[in-house]
């Protein structure tokens, strides 16, 4: 009886010593705010090095993904616009749209062009989060007309950083455009 | 090292004001080479043990419940997210992991969900249990990936694993936390009258621990994270500190506790060893001994319940003396 009493007293004392104050709830963005942040992040352009016959220039490129089919992900293979890095870089086929300003197109009224095409992403290390590669083909439309282009790329840091080289044989004096791609989702 | 510096620069540009992240990256740049574990266990199977735990490092624990093995948050990678080098090598070689009944993953953060580690375990487990929303963020594997809602269970040949509530954040890359509000969990393993709590990563939530105790009143062991602690104003939402971990241990009513999630990577302002020391101080203040709270070294295995018949009726917790522990190195 005495032992039980002492035990209960000790347990009660222990219970009192436990803090009843819970941690505050984590501050997590709402989905709408996150979409807003994502949209702002898409405005960050990737810098370009434009090289052509007797011409070197700079430029910037943006890119959006209207649709992507991931064959590397376990569930929900179809994604649109907001694509998580693992869905893209674990292996996917992407429909992309890329407006760009590639300076400067000699003899043309504007240096703007837009590409639309398909790009295949292949994981190389850690399901593409550490290293992935891409192969793509696109149709571009510039002031002087349209044409075909092909590109290869390599990506790291969950796809945030990459290097993409696009070759457009008929894009006069801007035949090779190298992009340091910066991309968040 | 150059890659780390580049990433640090990118992070500092894209997350202005995130001083903590910058400090952590700077400390990671100066991290010492990975320390090796002397006398690593080659065969972790303990035929004469009913309950044994081997701390592989961080939140990775190999649990033996009688003849069953489960692995928590497997992380055998030497670098996290290409940025944070491991301070101590994994305490168990993947080649020496016995056939597993299940692997559990508590959430998607890089220090808990390691795709390369799961690659290494692909032929060793039939199933990986994850919280809701995680399958859509995982690559394809040959094992089954099963999502468990809170209080839902997976059961196979007498081993039952139940998801239990904790407080953390979902997502993997920051922004996706907004889209995966439930993608974090703890687990309770039950087998042959034994029951083990695994907290994964959690803040201090008394109601969740009490609710878990109400459903699992005779926990044999609690694996509780004790770090990161500092900066507290940033960590308090998602991580319990050592003192709170001891409170959680009391609220769970478990017979024993093994602290996890410390001194494996640099992911906070905490000095190496600080969390373990704070835990020791807390143990002393509360009169807890090494049999009740066992601070393992990375690679250390402890037999918590030695061989014997399964109890006919689970005994009450905390009111009987803990069984003698046996160190295995």
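Just a few scattered comments:
- Residue check for residue B:95: more than 18 Å from the chain's Cα centre (by Cα) and at the interface with chain A (Cβ under 10 Å from one of its Cβ atoms): no
- In the stretch A:135-182, the residues that are assigned to a loop (DSSP other than H, G, I, E, B) and farther than 19 Å from residue A:83 by Cβ: A:143, A:144, A:168, A:169, A:170, A:171, A:172, A:173, A:174, A:175
- Of the residues making up the stretch A:169-180, those that are crowded, with 22+ Cβ neighbours inside 10 Å and modelled with pLDDT of 95 or more number 2.
- Residue B:248 satisfies every condition listed in (1) touching a strand residue (DSSP E or B) at 6+ places or on another chain (Cβ under 6 Å); (2) within 23 Å of residue B:37 (Cα to Cα) except (2).
- Some residue of the stretch B:210-218 being free of Cβ contacts under 8 Å to residues at least 24 places away in the same chain and within 14 Å of another protein chain (Cβ to nearest Cβ): no
- Some residue of the stretch A:77-96 being more than 13 Å from every other protein chain (Cβ to nearest Cβ) and on the phi > 0 side of the Ramachandran plot: no
- Candidate set from the stretch A:39-76 (those that are buried (at least 19 other Cβ atoms within 10 Å of the Cβ) and under 11 Å from residue A:94 (Cα atoms)); member that is nearest to the other protein chains (Cβ to nearest Cβ): A:70
- On the stretch given as the stretch B:172-198, residues that are touching a helix residue (DSSP H, G or I) at 6+ places or on another chain (Cβ under 9 Å) and closer than 18 Å to residue B:128 by Cβ total 5.
- Scope the stretch B:83-141; condition free of Cβ contacts under 8 Å to residues at least 24 places away in the same chain and either outside any loop (DSSP other than H, G, I, E, B) or at positive phi (or both); matching residues: B:95, B:119, B:135, B:136
- The conditions of being surrounded by fewer than 22 Cβ atoms within 10 Å (Cβ to Cβ), within 30 Å of residue B:79 (Cβ to Cβ) and without any contact (Cβ under 8 Å) to a residue 24 or more places away in the chain are met by residue A:165.
- Taken over the stretch B:159-180, the residue count meeting the criterion of being in a loop (DSSP other than H, G, I, E, B) and either in contact with a strand residue (DSSP E or B) (Cβ under 6 Å, 6 or more places away or on another chain) or within 7 Å of chain A (Cβ to nearest Cβ) (or both) is 7.
- Screening the stretch B:216-329 for strands (runs of 3 or more DSSP E) wholly inside it with 2 or more residues that are modelled with pLDDT of 95 or more and closer than 27 Å to residue B:69 by Cα returns the ranges B:221-225, B:257-260, B:301-306.
The values are calculated or read from the model by the stated rules, or taken from the named source; none is laboratory data. In this text the structure is predicted, and so the values were computed from the model without any measurement. Neighbour counts run over all protein chains shown; Cβ positions are idealised from the backbone, glycine included.
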